[in-house]
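The values are calculated or read from the model by the stated rules, or taken from the named source; none is laboratory data. What you see is a predicted model, and the numbers here were worked out from it, not measured in a lab. Every residue, glycine among them, receives a Cβ derived from its backbone with ideal geometry; neighbour counts consider all protein chains shown.
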Amino acid sequence: MNGASLLRRISLADHLIMPWKNGLGITREIAIDPPGASMSDAGFRWRLSIATVDQSGPFSSFPGIDRTIMVIDGMGMELTVTGQAPHRLDRCFVPFSFPGDAATECKLIDGPIRDFNLMVNRKFLSAQTSVVRRSDPARLAMDVPIAMLHLLEGAAAFMAMAQHVQGTAGDTLIWQGASPMPQVIEILPRGSVTIAVMELTPIR
């Protein structure tokens, strides 16, 4: 970033298609920090991706990583995470967080799905994910150094400090830089929009 803050837009065409860590599926990597970091270990701070799940089976293990996942297409899945009761994700756009190093089994409810994933290295970051649905202008107040907005449905313009960025469904906007997080990111929807908002806080 060369010491400058930036509201960066990532489109579908920018995604990198790659196999899962365990080789049992395909994922679209939206972004990873630092860029080019390996998925073979916990050598990254955070990662965003969208996975296609065609069949039931185990999730990859990610030691030291905390995960947040949500179904974005399909009838859903049931996740069994070691140490927890089975969790049914049968509605789109509902975040579920769990430790990436816990053995996790996925059972599809009715056919393939796609899911949206946020991973953070718990040595460096904690994460909070929420879903915002708007049809009128909104102001998101945030005071974190890293924030990400992923458009799940619809289109909108986004304003932060002097920047103005347009986005449509599938686009991701990432704020990461040396300057403090702006007090607000303004959202100007074109119709109705659904946005995943992820706030990353450094571990002190």
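Could you grab me the full set of residues in the range 102-135 that are touching a strand residue (DSSP E or B) at 6+ places or on another chain (Cβ under 7 Å) and of a type in the set (D, E)?
Passing the criteria: E105, D115.
Can you pull out the residues in the range 80-123 that are acidic (D, E), within 19 Å of the chain's Cα centre (by Cα) and surrounded by fewer than 17 Cβ atoms within 10 Å (Cβ to Cβ)?
Just the residues of the range 80-123 that are acidic (D, E), to begin with: 90, 101, 105, 110, 115.
Pick out the ones that are also within 19 Å of the chain's Cα centre (by Cα) and you get 90, 101, 115.
D90, D101, listed by residue number.
Report, by residue number, each residue of the range 40-81 that is more than 22 Å from T129 (Cα to Cα) and not small (G, A, S).
If the condition is that a residue be more than 22 Å from T129 (Cα to Cα) and not small (G, A, S), then D41, D54, Q55, P58 are the ones that fit.
Are any of the residues in the range 33-40 touching a residue at least 60 places away in the same chain (Cβ under 8 Å) and assigned to a strand (DSSP E or B)? Spell out the reasoning first.
Keep residues of the range 33-40 that are touching a residue at least 60 places away in the same chain (Cβ under 8 Å), which gives 33.
Filter again for assigned to a strand (DSSP E or B), leaving 33.
For the range 33-40, residues touching a residue at least 60 places away in the same chain (Cβ under 8 Å) and assigned to a strand (DSSP E or B): present.
Return the residue satisfying two criteria in turn: it lies in the range 94-123 and is assigned to a loop (DSSP other than H, G, I, E, B) and among the acidic types (D, E), and of such residues it is modelled with the highest pLDDT. Please lay out each step first, then the result.
Filtering the range 94-123 down to residues assigned to a loop (DSSP other than H, G, I, E, B) leaves 94-95, 100-103, 109-112, 122-123.
Filter once more, keeping what is among the acidic types (D, E): 101, 110.
Working: D101: 93, D110: 96.
For the range 94-123, the residue satisfying everything is D110.
Does I32 count as under 29 Å from I185 (Cβ atoms), out of contact with any Lys or Arg (no Cβ under 6 Å at 6 or more places or on another chain) and not charged (D, E, K, R)? Please lay out each step first, then the result.
On the way: under 29 Å from I185 (Cβ atoms): yes; out of contact with any Lys or Arg (no Cβ under 6 Å at 6 or more places or on another chain): no; not charged (D, E, K, R): yes.
When the stated conditions are applied, I32 does not pass them.
May I ask you to list pairs of residues, at least six apart or on different chains, whose Cβ atoms are under 7 Å apart, with the first in the range 1-17 being more than 27 Å from A51 (Cα to Cα) and not assigned by TED's automatic domain parsing to the domain that holds A157 and the second being surrounded by 17 or more Cβ atoms within 10 Å (Cβ to Cβ) and modelled with pLDDT under 80?
M1/Q176; M1/G177; A4/G177; S5/G177
State whether the residues of the range 138-159 include one that is farther than 26 Å from R91 by Cα and at pLDDT 95 or above.
Yes, because at least one residue in the range 138-159 is farther than 26 Å from R91 by Cα and at pLDDT 95 or above.
Do the conditions hold for S126, that is, is it outside any loop (DSSP other than H, G, I, E, B), touching a Lys or Arg at 6+ places or on another chain (Cβ under 8 Å) and either of a type in the set (S, T, N, Q) or surrounded by 14 or more Cβ atoms within 10 Å (Cβ to Cβ) (or both)? Quick ask: steps written out before the conclusion?
On the way: outside any loop (DSSP other than H, G, I, E, B): yes; touching a Lys or Arg at 6+ places or on another chain (Cβ under 8 Å): no; either of a type in the set (S, T, N, Q) or surrounded by 14 or more Cβ atoms within 10 Å (Cβ to Cβ) (or both): yes.
Taking the combined requirement at face value, the residue does not satisfy it.
Give M70, M77 a once-over and let me know the one that is within 25 Å of T201 (Cβ to Cβ), surrounded by 13 or more Cβ atoms within 10 Å (Cβ to Cβ) and either at pLDDT 95 or above or among the hydroxyl-bearing types (S, T, Y) (or both). Break it down stepwise before answering.
Numbers: M77 fails: within 25 Å of T201 (Cβ to Cβ).
Just a single option satisfies the conditions, and that option is M70.
If T52 meets every condition in (1) free of Cβ contacts under 8 Å to residues at least 40 places away in the same chain; (2) farther than 26 Å from S126 by Cβ apart from one, which number is that one?
Condition not satisfied by T52: (1).
Does the range 59-70 contain any residue that is in a loop (DSSP other than H, G, I, E, B) and within 18 Å of A196 (Cβ to Cβ)? Before the answer, list the steps.
Going residue by residue through the range 59-70, those that are in a loop (DSSP other than H, G, I, E, B) are 59-64.
This time we only want the ones that are within 18 Å of A196 (Cβ to Cβ), so: none.
No, every residue in the range 59-70 fails to be in a loop (DSSP other than H, G, I, E, B) and within 18 Å of A196 (Cβ to Cβ).
Could you identify the single residue in S60, S11, S56 that is under 26 Å from G167 (Cα atoms) and surrounded by fewer than 19 Cβ atoms within 10 Å (Cβ to Cβ)?
Exactly one residue qualifies, and that residue is S11.
Among what's in the range 36-51 and is at pLDDT below 80 and touching a Lys or Arg at 6+ places or on another chain (Cβ under 9 Å), pick the residue that is surrounded by the fewest Cβ atoms within 10 Å (Cβ to Cβ).
That would be S40.
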